[in-house]
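Structure, as structure tokens:
What follows draws every value from the coordinates through simple rules; no lab data is involved. The shown structure was predicted, so the numbers you read here are calculated from the model rather than taken from an experiment. We place every Cβ from the backbone using ideal geometry, glycine too, and count neighbours over all the protein chains shown.
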Amino acid sequence: MKKLLQSLFVLLFFASTAIAQDRTITGTVTSSDDKLPIPGVSVRVTGTQIGTVTDANGKYSVIVPSGSKTLDFSFIGYLTKNITITASNTINVALASDSKTLSDVVVVGYGQQSKVLTTQTTATVKAESFKNMPIQTPQQALQGQAAGVNMINSSGVLGSEAQITIRGGGSISAAGRPLYVVDGVPLNSSGGDYTQTQGGSSGLNPLINISPNDIESMTVLKDASAVAIYGSRGANGVILITTKKGASGKTRISADYQNGFSSPTSVEEMMTADQFRQFRTDYLKANNQTVPAYPTASYNWVDAVIRTGKSNTVNLNASGGNEKTKFYLGGTYSDESGYTLGNNLKRLSGRLNLDHKISDKFTIGLNYSLSHIDMDRIGSENNTYAPLTAAYLQLPYITPYGPDGKFQNTGFVANVVAIAATGINKNYSDRSTGNAYLEYKIIPGLRLKTDWGIDNYGIDEKYRETDLLTPGGYAYRTHYTDNKWVNTNTLNYDKTFGKHTIAALAGYSFETAKLTQMMVEGSGFVSDDLPNVGSASTPITASENIYEWALQSFFGRLNYDFDKKYLFEASLRRDGSSRFGPNKKYGNFYAVSGGWLISNEAFFNKDNNIAQNLKLTASYGTSGNDNIGFNAYYGTFASGSNYLGQAGLTPSNVPNPDLSWEETGQLDIGLSARLFKAIDVQFNFYNKNTTGALLTVPYPYTTGYASANRNVGKMRNRGYEVSINSDNIVGRDFTWRTSFNIGFNKNTIIDLPVNPDEDGRNFLTGSAVQRAITGYSKNSFYLIRYNGINPQTGNAEWLKKDGTVTTTPLASDRVIVGKGNPDFSGGITNTFTYKNFDLSAFFNFSYGNDVYLDGLQFADNFSSGSYNKSVKLLDYWKQPGDNAFAPALNSSTRTTYQQASTKQLMDGSYLRLKTLSAGYSFPKELLQRTKLFTSLRIYFQGQNIWTIKNKDFRGDPEISANGASNLVLGQSFFALPQAKTFTFGVNIGL
């Protein structure tokens, strides 16, 4: 009996010891918001590596060692909770949402991902960044806001297309626009095919019909893991535009009114009539030429074409809904007159976004936008019908009015005042875009979605010149339509198995579009009161072109993460395009990426105050570019040829059944973290290589063809980006936040078709002064070097190729002297709030790029008496020792002084206070008494109000008048400078 009691005592002792050492605690983790269970929550014994994760029902079970006092519960999107272990073996926990983390969800191709867990490199610009900004189109909101995105406004002309380059671009000569996707619908963007050029190189802005007020966010997809899902159209980057949606709760109504005025940021100073007459008299006498009797009249053409621009914009929207139905309804009306005579733009747009939950299984939705543009256009670039160009060049003693007080014909440089008063130059456009979808939840975690989208664009242009400008009068009318429909079907699967989370996407899409171009043209009108082309007595042109294309795509993406620490993503897309030859219609594009969330490792001290959310990512993949126009691979013929008196056809295009898209392979390595619980930092290095570039290859004259389309040429873009968002001070009454980004890029041409220059390097011509050269940037300026005015002789001097001084340079003396693309660009924003006051200052900058001002070949032209001159020519050499701007009036170099050289090439680096805004929000306590307003804010904004630039730069450095061109960047022929704008506004919430 005694031995039995001893044995029982020993068993009880060991049992009690075991119980004292280990306990099993179970429970359920739910959300404090909706009381639903949360799977995948990390449950750890504080200070140890012992832990588990909740299952699909939010349940957990963990063995807790003796002496343990607390458990840590953490999950992305929720605030971490530390719970004290009590006597109970059941601990249920409700986690509160971390609003900051939950808002850090990024939009990606065909879906969304957690910013913390994504391995893609993207940049997101949210509506708060451009709210109430006086911008015409969404692209302007990207300027200086996203690292690696270089955005340059092509000119100050309303409706002109901006130049957007993402990580240096992915093409040498094919169209360089990024792909714009609005709520899942890829937009038609053939801006240059929609309109007559009006003398300008830039086409219409492809996003001119979209109201910035309807946009919730814009996400720029940059690395291969982000863009490969768009396959053949991702090489130049992808910009995803997400519009505003409704939310459950009381209907919220918001109204915003803006009123502003504008002026040019800079204007070239030209000679007055008295200055011109005296200058020309001195010049002709110095060269023993006869001085004519100049008219005594005087007129300031620049003052005549520049006015105070005005803008009025009204935005009105309503949003709301309940658990089943959510809606957003928005409308915008804007009426803007540019600071240049004749340039006006009116826009009316509306949007309806609707989501309805039919049942637990089915959800339907609609996103639809309709807009109308009424625009008065003007010639904008290298055109004597352009108001500012003509004003610069028009002789200052010529007036718009004759002795009879009526408009007069002013010759080659048009009477632009008369054009604005008597002519018609209208552009009307109507655009409807949108999509409707049906989503079916097959089983928990598995969703099927079918989406039907449209982009229907109609553009109508009407142009009429009176008899004053063209004897008999002249007119044309164009009507373009570009109608697309697209069907996208996707299957999404999301599932968590313990520490494993899988997300898979499989999809199929088909889209097709038809572009129709019609034009009628005529001259000879019996009266200027007859505006229509049908009244012309002499038909000139009646043409119609129709282009159709289609794209069929299969795509998929797989995401996997283990324990919220090790991340993996792979995507694949197969595109079939009608734009390419029968041998190469289909292409495959892929990407693989991985990430390591270092801060979730057990060895990482989560309680440290230095670094949180520390993540390392890497990716590699491919994407393509199909922007080569239509029918480029066909062997086509041109009609209208005369062969022995009979109608005939002439071969015009070399057939190429192997023509295919360009391919860009990209490597990206990134590191991101949150530092000191206040600063979000992201660093990325990338290396992009484009192969099979779509180029026009010169053919021997004996073939009968000038050139042919071929997949030849290689290019590299290499650089790195830094983004910093900092909460500097966050107090009860005062906050100060800073956002900074900078992107460095070096562009290099690796290989081109055989076309050697004087030094044996293959090159491709972009313009008379800019070319792509093997081993250098695709936007290299190739010019004679200007050496200045010799103070002793008064002669202008240049440098020969070997660097020796000469007064008679040759074309063979040209060398590479600069480039149009910057070394780096970016922006910095500082936002301050004090109680109900707010102040924000946004600077953007560009460094290392050059700008060629072609118009100076006319403004600084000594010998021609047909154009007005810059006042700088008055500073000409008079005696030995003078450090003059221009040569002596009788110098032998006076006739070549204006030739293309580095004299017209300027350092385009600048730092600009792009936007300064200040506002006051009325206290909510005061507004509640009105029982009408929920919010009320008044504000003031200035745009382009201060610029630091090179002291010798003449004009606005933020210029690139060739729009989306790849081979021509940073050139201008009297392109309109940016507008300096001041805006007053009020925002009302009801």
(request) May I ask you to derive the FRET efficiency for Gln278 and Phe685 from their Cβ-Cβ distance with R0 = 60 Å, giving the value to the nearest 0.05? (result) 0.50
(request) Treat each spin label as a single point 7 Å out from the Cα along the C-beta direction, and report the Leu79 to Ser578 distance in nm. (result) 5.7 nm
(request) Taking the Cα centre of the range 636-768 as origin, work out the dipole magnitude from +1 charges on Lys and Arg Cβ and -1 charges on Asp and Glu Cβ, in debye rounded to 20. (result) 360 debye
(message) As a footprinting exposure proxy, order Phe763, Phe589 by other Cβ within 10 Å, with the fewest listed first.
(response) Phe763, Phe589
(message) Quick check: the angle from helix 2-21's long axis to the longest principal axis of the chain, C-alpha only, nearest 10 degrees?
(response) 20 degrees
(request) Starting from the Kirkwood radius over alpha-carbon pairs of the range 126-184, derive D by Stokes-Einstein at 25 °C in a medium of 0.890 mPa s and give it in µm² s⁻¹. (result) 191 µm²/s
(request) Post the alpha-carbon centroid distance, the range 155-173 to the range 480-507, in whole angstrom. (result) 30 Å
(message) I'd like the FRET efficiency for His479 and Leu448, computed as 1/(1 + (r/R0)^6) with the beta carbon distance as r and R0 of 35 Å, rounded to 0.05.
(response) 0.30
(request) Among Phe554, Pro753, Asn425, flag the residue with its Cα farthest along the positive direction of the charge dipole of the chain, charges on Cβ as +1 for Lys/Arg and -1 for Asp/Glu. (result) Phe554
(request) Please provide three numbers in whole Å: the alpha-carbon extents of the range 21-100 along the principal axes, with the largest listed first. (result) 38, 22, 19
(message) Taking the Cα centre as origin and putting +1 on Lys and Arg beta-carbons and -1 on Asp and Glu beta-carbons, what dipole magnitude results for the range 21-100, to the nearest 20 debye?
(response) 140 debye
(message) Can you work out the Karplus-derived ³J(HN,Hα) for every residue in the range 373-387? Use 6.51 cos²θ - 1.76 cosθ + 1.60 with θ = phi - 60°, whole Hz, and x for glycine or proline.
(response) 10, 10, 10, 8, 9, 9, x, 10, 8, 6, 8, 6, 8, 6, x
(message) If I compute Cα extents along the principal axes in Å from the structure I just sent, which labelled value in (i) 134, 90, 54; (ii) 143, 68, 62; (iii) 81, 75, 62 lines up?
(response) (ii)
(request) Express in nm, to one decimal, how much length is gained between Ser359 and Val526 on full extension, taking 0.36 nm for each residue of separation and deducting their alpha carbon distance. (result) 53.3 nm
(request) For an R0 of 51 angstrom, estimate the FRET efficiency from the Cβ-Cβ distance between Gln879 and Ser707 and round to the nearest 0.05. (result) 0.40
(request) From the P(r) of the range 480-626, can you give the percent of Cα pairs sitting at distances over 25 Å? (result) 59 percent
(request) Mind jotting down a quarter of the surface of the convex hull over the alpha carbons of the range 887-966, in square nanometres, one decimal? (result) 10.5 nm²
(message) For the pair Ala96/Val314, report the inter-label distance in nm, with labels modelled 7 Å from Cα in the Cβ direction.
(response) 4.3 nm
(request) Would you please classify the overall shape of the range 254-324 from the alpha carbon gyration tensor, given that a ≥ b ≥ c denote the square roots of the eigenvalues, rounded means a/c under 1.5, and beyond that prolate means a/b larger than b/c while oblate covers the rest? (result) prolate
(message) Need one word for the range 338-424: rounded, prolate or oblate. Basis is the Cα gyration tensor (sqrt eigenvalues a ≥ b ≥ c); a/c below 1.5 gives rounded, then a/b vs b/c decides.
(response) prolate
(request) With runs of 4+ DSSP H residues as the only contributors, calculate the mean residue ellipticity of the chain at 222 nm using -39,500 (n - 2.57) per run, divided by the residue total and rounded to the nearest 500. (result) -2000 deg cm²/dmol
(message) At 0.36 nm per residue, and after removing the present C-alpha to C-alpha distance, how many nm does the segment from Ile502 to Asp460 gain when stretched out fully?
(response) 10.1 nm
(request) Go through the range 60-74 residue by residue and turn each phi into a ³J(HN,Hα) via Karplus (6.51, -1.76, 1.60, θ = phi - 60°); whole Hz please, and just put x for glycine and proline. (result) 9, 8, 9, 8, 10, x, 4, x, 5, 10, 9, 10, 9, 10, 9
(request) Kindly write out, for the range 588-601 in residue order, the coupling ³J(HN,Hα) from the Karplus curve 6.51 cos²θ - 1.76 cosθ + 1.60 (θ = phi - 60°), rounded to whole Hz, with x marking Gly and Pro. (result) 10, 9, 8, 7, 10, 8, x, x, 10, 8, 4, 5, 9, 6
(message) Cut-off 19 Å, label point 7 angstrom out along Cα-to-Cβ of Asp467: give me the residues of the range 399-417 whose amide nitrogen falls inside.
(response) 401-411, 415
